[in-house]
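K.L.:
Structure incoming, see below.
What follows is calculated from the coordinates using simple rules that are stated; it is not laboratory data. Quantities reported herein were computed from a predicted structural model and do not represent experimental measurements. Virtual Cβ from ideal backbone geometry, glycine too; neighbours counted across all protein chains shown.
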Amino acid sequence: MEDADFLWRRTVERLRREGIIRSEGVERAFLRYPRYLFVQERYKKYAHLEEPLPIPAGQTVSAPHMVAIMLELAELEEGMNVLEVGTGSGWNAALIAELVKTDVYTIERIPELVEFARENLERAGVKNVHVIPGDGSRGFPPKAPYDRIIVTAGAPKVPEPLVEQLKTGGRLIIPVGSYHFWQDLYVVEKTGEGKVRKRSWGGVAFVPLIGEHGWKE
Ligand code: SAM
């Protein structure tokens, strides 16, 4: 793991130098929870590379720069109530937890990945992430309203329930676009009941959000 750790530190330094990691909080979270802790043994040696990596059930864990960009857009602060949609490996949820230092809720639709993420989080020593099985396109009403909702799968449109479950002043980060790996990364701010301001950060590539308010299976 020494090599993986050395390579990971170099990746974090580069992300910082390139201005992709801009805050001390995101840098600290990246150093505390390297991506190699959240992939299967055979992929650990690639964890520092700027590409998505396979995780079980044909899904992926995003590239380091993509995760950093989304976390910086979210501007997370201690104590914020955050929902993540698309747990995958659990890596992004661990990073969120390190930033908000309180309970984090993350939803995953594939049971195999619920287990995979829970194991990874336990092994990494993350205690404040709750992995919930289910369709995250409906949000997670029991813990709403949220300061931030971060969706790590591409939706055909912004799911209404997610906007409803945001606090006024809250922010939703979500890729919206086509099914096959081309979306705009939107930052949706809830400015009042039924009112949002939406801006696009740029083009991204995510696996599809599948569910009632996402793509149909
Ligand atoms: N955030 C993850 C990580 O850190 O490893 C990577 C997520 S991966 C790019 C997208 C995940 O979203 C997949 O695990 C997929 O099964 C999940 N997903 C897709 N549609 C979903 C839905 N409606 N509800 C919950 N999870 C969903």
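K.L.:
Remind me, relative contact order of the stretch 27-66 in percent, using alpha carbon pairs under 8 angstrom and six or more residues apart?
P.N.:
28 percent.
K.L.:
Something else about it: Stokes-Einstein diffusion coefficient for the chain at 10 °C in a medium of 1.306 mPa s, Rh from the Kirkwood formula over Cα pairs: what value in µm²/s?
P.N.:
Stokes-Einstein gives a translational diffusion coefficient of 93 µm²/s.
K.L.:
At 7 Å along Cα-to-Cβ for each site, give me the label-to-label distance between Arg22 and Glu51 in nm.
P.N.:
Placing both labels 7 Å along Cα→Cβ, they lie 2.9 nm apart.
K.L.:
Can you show me the helix-derived [θ] at 222 nm for the chain, built from DSSP H runs with n ≥ 4 at -39,500 (n - 2.57) apiece and divided by the number of residues, rounded to the nearest 500.
P.N.:
About -9000 deg cm²/dmol.
K.L.:
By the gyration tensor of its Cα atoms, with a ≥ b ≥ c the square roots of the eigenvalues, what is the shape of the stretch 1-90: rounded for a/c under 1.5, prolate for a/b over b/c, or oblate?
P.N.:
oblate
K.L.:
Report, for the chain, the % of DSSP beta bridges that are antiparallel, rounded to 5.
P.N.:
If we restrict to bridges inside the chain, about 50 percent are antiparallel.
K.L.:
In terms of the ratio Rg/(2.2 N^0.38 Å) built on C-alpha atoms, what value belongs to the stretch 130-217?
P.N.:
The reported ratio for this selection is 1.02.
K.L.:
Further question on the same structure: How big is the charge dipole of the chain about its Cα centre, in debye rounded to the nearest 20, if each Lys and Arg gets +1 on its Cβ and each Asp and Glu gets -1 on its Cβ?
P.N.:
The dipole magnitude comes to about 360 debye.
K.L.:
Normalising by the residue count of the stretch 138-189, find the relative contact order in percent from Cα pairs under 8 Å and 6+ residues apart.
P.N.:
36 percent
K.L.:
Please give the FRET efficiency for Ile132 paired with Val158, using the beta carbon to beta carbon distance and R0 = 22 Å, rounded to the nearest 0.05.
P.N.:
In this case the efficiency is close to 0.60.
K.L.:
Which of the residue pairs Lys44/Lys216; Lys143/Lys190; Lys44/Lys101; Lys190/Lys216; Lys195/Lys216 have a Cα-Cα distance greater than 29 Å in the structure shown?
P.N.:
Lys44/Lys216
K.L.:
Give me Thr60, Thr191 ranked fewest to most by other Cβ atoms within 10 Å of their Cβ, as a rough exposure proxy.
P.N.:
Taking fewest neighbouring Cβ atoms as first place, the list is Thr191, Thr60.
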